[in-house]
Every structure is written in C-alpha cells, then in structure tokens.
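Notes follow the structure.
The values are calculated or read from the model by the stated rules, or taken from the named source; none is laboratory data. Because the structure is a prediction, the values reported are computed rather than measured. Glycine also receives a Cβ, built like all others from the backbone with ideal geometry; neighbour counts cover every protein chain displayed.
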Amino acid sequence: MSETTLEERRHSAAHLMARAVQNVFEDVQVDIGPATDEGFYYDFDLPHRLSPEDFPKIEAEIARLIALDEPFVRKVVSRDECAKMLEGQKYKLERLADIPEGEDISTYTVGDYVEMCRGPHVGHSREIGVVKLTRLAGSYYRGDENNKMLQRIYGIVAKDEAELKEILERAEEAKRRDHRRLGVELDLFHLDPEDPGQIFWHPKGWSIYITLQDYMRAKLIKDGYQEVNTPAIMPRSLWERSGHWAHYKANMFITESEKRVFAVKPMNCPGALEIFNSRTRSYKDLPLRLAEFGHCARNEPSGTLHGIMRVRGFVQDDAHILCTEDQIEGEVAKFCRLLIDVYKDFGFDKNLLVKLSTMPEDHVGDEATWQHAEEALAKACVASGMKYEIQPGEGAFYGPKLEFTLIDALGRPWQCGTIQLDYQLPSAERLNAEYIGPDGAKHHPVMLHRAVLGSLERFIGILIEHYAGAFPLWLAPEQVRILPISDKASAYAEKIRAELAAAGFRVGVDLSPDKLGAKIREATVKKIPYQVVVGPRDEAAGQISVRSRADGDLGAMKLDDFISRLNSEKKC
C-alpha cells in the first residue's frame, strides 16, 4: 500500500460508499460525504429506509469496488461540464450553484462515479484498506431543519482486518465510557428532550461541577485574577458595538422588553469591557485580569447537540486580561503555565497539541493589524516554551488565537483551552476601552480572551469518559460510603460519617436492608473510591474495615489513620 494520509483514505472511502449505495439501491440522491475525526459519513436521499441490516450488502459492494483498484482521477472542469457530469443529482447541482462564477471546479472520478470535490484522495481504491459501516443518523439538508431530512451513514477505515479489530474494540470501550450513559447510571444529570441543549444537574453531578469550579477559582486567585459577574441579558446596542450582532446574531437568543431588543449573552467579553470602562483606568492598573464563571447561551442547531459535550446553556472558566502591548508575551506565557499546571492535575499534560488559528474570511479590522496580532501571539507562544501548528482561517472574527488540545485515556483529542489576542473590541471603533498611559495620554489596551477548561459542562463530559466514571478522590461526588453490616451498627456508621464529614469529606451511608454483599456491589457499581464496612465488633474495637476501589480490601484500621490516607490522596 502506498503512503497516503488517513484523511485521504477516509475521504476516498466516503466516495466509494456513495457509489456502492447507488449500485445497491434505486433512485439514490447523494449530497455530501466528508472525512471526520473518527472516519467518514455520507448523506443520502432515497425511497428505501436504510437500516443496519443493509450494512453487509453495502460493505460487500464497497469491498468489490476497492478490489477493482481503480484510480481516483482529478479533473478541473467548467460549470457547464460539471452540470452535465452531475445530471440528475439535484443536491449536487444545488451545491454547484453555490460556487462563485469564474471559480475552478475540481472533480474526482473513480470508475463510473464522479464527484465535485477538492480532494485530495488516494491514488487507487485498493489504498483505502478495509471499510466498516458503523451507524445511521438523520441529517437535515444544509443543516436546516426546514429542509428535508436525509439519511446519513457513518463508517470507518482500517489498513487491514487486524487494525479494524483494534478500532472496533476502542469504539466499544468508548461506548462503555459514554458520558450520556454514565451520567444516568451514576445519577449525575439528565437531559430533557423538551428543553434541548440544557442540563439538569442532580446533586452528585452538581457536586462535581462545584468542586471543579472551586478548584479553578483557587487557581485563578493564586494567579492574580479578580472574579466578576455580568448580566445574562444585554441590549442590542452593546452587541452591535462589539460586532457580535453582525457576526453572531444567528446564534443568539433574542428577546424584547419595552420596545427594546436584548440578547442573552453568548459570551462574556463585552461585559468585561463594560466593567473596565466603568471608571478611569491607569497603566498602573494593567494587566487587569477579570475572571467570570458567566452563564452563556448559544442557539446551536438541535442536530449538533451532543449530551453535555455540546449544549445551548453553558459556563466557561472565562477570563479577560486587559494589558499593554508590552505585556502580551508575559501574560500569554503566564497563561500557558497555568494551563499546563491545571491539565497536569487531570493527567492531561502529556501530548498536548497547540495550534495558532489565523484570520478568517469573516473578520473585523484591517489585515495589517491581524498580521501584527498573529506575530505577537506566535512570539509569546514560543517564549512560553511551546510549539504550535498553524490553523489557517480558524481565528475568531475579532482576533487570532492559540488553541490547546488535550488527549484523553482513549487517545482522543479534545480542544479545550484557548487564548485569543484582540485589538478590536477595546478599540475606538468598538467598545472604546481606554487607560491613561505614563505620558498622560489615553491609550487602548489589548484584550486577551482566555479559558483553560473551556465549557465546564463539556469538560465534565470529557472527564466522565476519561475516567470512565471512576473519578479521583478529590473530584468524586461521594468519596466514601459507609456500609453497616446490620441495623445494630447504624448508630456507629452515623458516628463515623459525621467525623469524616467534619474532616471535609463527602460521605454517604447505606442504611438499606440489603445484605452486605449487595451493598458492596452497589457501591462498586457507583464507582465510589472507598467503602467503609462497620459492625458491632468494629465498634467494640474502635476501628473500621476499609475497601479501596483501586487497591481492594485494606483490612481494619483506626479512623484517624484512614483520614490521614484520604488527606494524602486528596491532592487537589
């Protein structure tokens, strides 16, 4: 097999799957089929209602097409020529109409199948390897719920059967760790279909949330941040001045009161600048680090929502740093150290990926300012000792950013942390933030938008899957569960609970009539770090019997010794 990228193999597999579906079924209309981080998918419109039972015959046809080892041939054609090649494919022709006049149209042909596509692709079909179809989903055409629902088939590729087996095993493990399933099993939260994209946190889930928030709050205070809070609803006039109304309106929840238009904030940055502008500032006040656990709401399409990973209502460990241009490098380096310190506590400090996202097509400000901002951010990143890759055109509309991607226990990447360099929002053309410089004149500060965890909701979802629900002691919602062997030990169990709670631990007591074995199984299923078994003999001896989730049966010990063990393990 020749050297090809995984993305090329996935993209090429998508083309062959579309061709196979057309070969197997009648009256098939195809739309789009890109490569994804996990594999690939393709959207179809056909009379036949697809089901997993159809997968074997589609896979068999894909395997036959791969074995033909036909070349993927690229050709640049005119609009009219492309229309002839795609004749009868209404979705493809509508996509063709979106291409600006005069722009080259790239096509790829493999056998008798032709696609309008930029590529790249493998040289010959045999280079794809092995294809396995995984699941079905519905997808609105162009992501618009007013359009027709298409049928989406997902698939994966592997070099050979051995690699395919490994991929499928990892997929099964991912299902076992799925935060949506564990969230219900561990009684952490629930999602109501009547209120899509919003999370109902149960006591144990909220315990994790508050613990995580307090952990970050302690880090921020130590790093010189001041915490603020800004309104959830702000007037249209503010969003217009900030630029969000023109660039982000479609994702904002909008309301009206007393003939004035307001929006629920999708982000916290304008509020931070309102606080900055509330009084005269001096260069001696800078850098000013304003942190906010502000609740934001974004009108995400329902089809893009995913458990607590992608929601409509969320809170970020958000902060905005107002500083001078000379302070940029030091502040970015300081942030990078904070981020690495935090990620280390969760075991995410290895294999950290950093990307520099540059100016998008939809942006505010001139290109010279953008270039200057990108260079400043790149220099600061290097100065902090971190390497980065360029991610062209992926910056925010107001400025470039560094994005930090962590790798979880299954080797999956998650982009969480970010720091964005912004000359636009504090400018006179936007929110006009000013400070008095050492020269006595007014100057505009630079604004750094930054988050370490990103959305707390999404980060907790990542943690659930990373730990498979078995949280480390400091984060576990129930750190110890006490299991009296009979009613005779209930009073002693309550005494132990009270002493552990007084020592600062989250403790539960199982007073159910179940036998001890059933109580142990229940505590094990709930992934509680420690179980404390007590009976009349333990009370008489002034001791407890301890079971550890990690180390098994630890035997009998004094309560003070157990508390010392807990304190030594409770690192954060």
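Let's see how each residue does on (1) more than 30 Å from GLU172 (Cα to Cα); (2) touching an Asp or Glu at 6+ places or on another chain (Cβ under 9 Å):
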position: TRP370; (1), (2): yes, no
position: GLN391; (1), (2): yes, yes
position: GLY399; (1), (2): yes, yes
position: ASP408; (1), (2): no, yes
position: TRP414; (1), (2): no, yes
Go through (1) at pLDDT 90 or above; (2) in contact with a helix residue (DSSP H, G or I) (Cβ under 6 Å, 6 or more places away or on another chain) and name the single condition LEU353 misses.
(2)
Take the residues in region 513-538 that are over 28 Å from TYR467 (Cα atoms) and not β-branched (Val, Ile, Thr); name whichever of them is surrounded by the fewest Cβ atoms within 10 Å (Cβ to Cβ).
PRO513
Every listed condition ((1) closer than 30 Å to ARG142 by Cβ; (2) part of a helix (DSSP H, G or I); (3) at pLDDT 95 or above; (4) among the small types (Gly, Ala, Ser)) holds for GLY271 save (1)
Top-ranked residue in region 282-307 [being part of a helix (DSSP H, G or I) and out of contact with any Ser or Thr (no Cβ under 9 Å at 6 or more places or on another chain); ranked as nearest to VAL264 (Cα to Cα)]:
SER302
Looking at this structure, is ALA498 over 37 Å from the mean Cα position of the chain (by Cα), in contact (Cβ under 8 Å) with a residue 40 or more places away in the chain and assigned by TED's automatic domain parsing to the domain that holds ARG549?
no
Could you give every pair whose Cβ atoms fall below 9 Å, whose first residue belongs to region 100-125 and is crowded, with 20+ Cβ neighbours inside 10 Å and of a type outside the set (S, T, N, Q), and whose second residue is modelled with pLDDT of 95 or more and assigned to a loop (DSSP other than H, G, I, E, B), counting only separations of at least 6 or pairs across chains?
TYR108/PHE72; TYR108/HIS121; VAL110/GLU70; VAL110/PHE72; VAL110/HIS121; HIS121/PHE72; VAL122/PHE72
Sort through PRO445, PRO426, PRO477, PRO438 and tell me the only one that's within 26 Å of ASP551 (Cα to Cα) and not charged (D, E, K, R).
PRO477
From TYR154, TYR140, which residue is within 22 Å of PRO47 (Cβ to Cβ), assigned by TED's automatic domain parsing to the domain that holds ARG74, in contact with a strand residue (DSSP E or B) (Cβ under 7 Å, 6 or more places away or on another chain) and modelled with pLDDT under 95?
TYR140
Take residues that are of a type in the set (Ser, Thr, Tyr) and under 20 Å from SER207 (Cβ atoms) and tell me which of the helices (runs of 4 or more DSSP H) falling wholly in region 462-568 contain 1 or more.
516-525
List pairs: first residue in region 51-80 and exposed (fewer than 15 other Cβ atoms within 10 Å of the Cβ), second residue modelled with pLDDT of 95 or more and aromatic (Phe, Trp, Tyr) anywhere in the structure, Cβ distance under 7 angstrom, at least six positions apart or on different chains.
VAL73/TYR108; ARG74/TYR108
From the option list ALA376, ALA428, ALA433, single residue qualifying as touching a residue at least 60 places away in the same chain (Cβ under 8 Å), closer than 25 Å to HIS247 by Cα and in the same structural domain as VAL332 (by TED's automatic domain parsing) is ALA433
What strands (runs of 3 or more DSSP E), lying completely within region 45-162, carry at least 2 residues that are out of contact with any Lys or Arg (no Cβ under 9 Å at 6 or more places or on another chain)?
73-77, 130-140, 149-158
If the Cβ limit is 8 Å and pairs must be 6+ apart or interchain, which residue in region 234-258 that is closer than 18 Å to TYR398 by Cα pairs with which residue that is in a helix (DSSP H, G or I) and of a type in the set (Gly, Ala, Ser)?
GLU240/ALA246
In region 414-467, the residues that are touching a strand residue (DSSP E or B) at 6+ places or on another chain (Cβ under 6 Å), more than 24 Å from SER357 (Cα to Cα) and small (Gly, Ala, Ser):
GLY437
Look through ALA396, ALA373, ALA380 and report the one residue that is among the aliphatic types (A, V, I, L, M), surrounded by 15 or more Cβ atoms within 10 Å (Cβ to Cβ) and touching a helix residue (DSSP H, G or I) at 6+ places or on another chain (Cβ under 7 Å).
ALA380
Pick out the one residue from ARG450, ARG458 that is surrounded by 23 or more Cβ atoms within 10 Å (Cβ to Cβ) and assigned by TED's automatic domain parsing to the domain that holds SER282.
ARG450
If you go through region 18-26 one residue at a time, do you hit one that is charged (D, E, K, R), at pLDDT 95 or above and farther than 20 Å from PHE72 by Cβ?
yes
Which of the residues belonging to region 143-175 are touching a residue at least 12 places away in the same chain (Cβ under 8 Å), of a type in the set (Lys, Arg) and farther than 28 Å from THR4 by Cα?
LYS148
Residue check, ALA162 hydrophobic (A, V, I, L, M, F, W, C) and surrounded by fewer than 18 Cβ atoms within 10 Å (Cβ to Cβ):
yes
Answer yes or no as to whether ILE485 is buried (at least 24 other Cβ atoms within 10 Å of the Cβ) and in contact with a Gly (Cβ under 8 Å, 6 or more places away or on another chain).
no
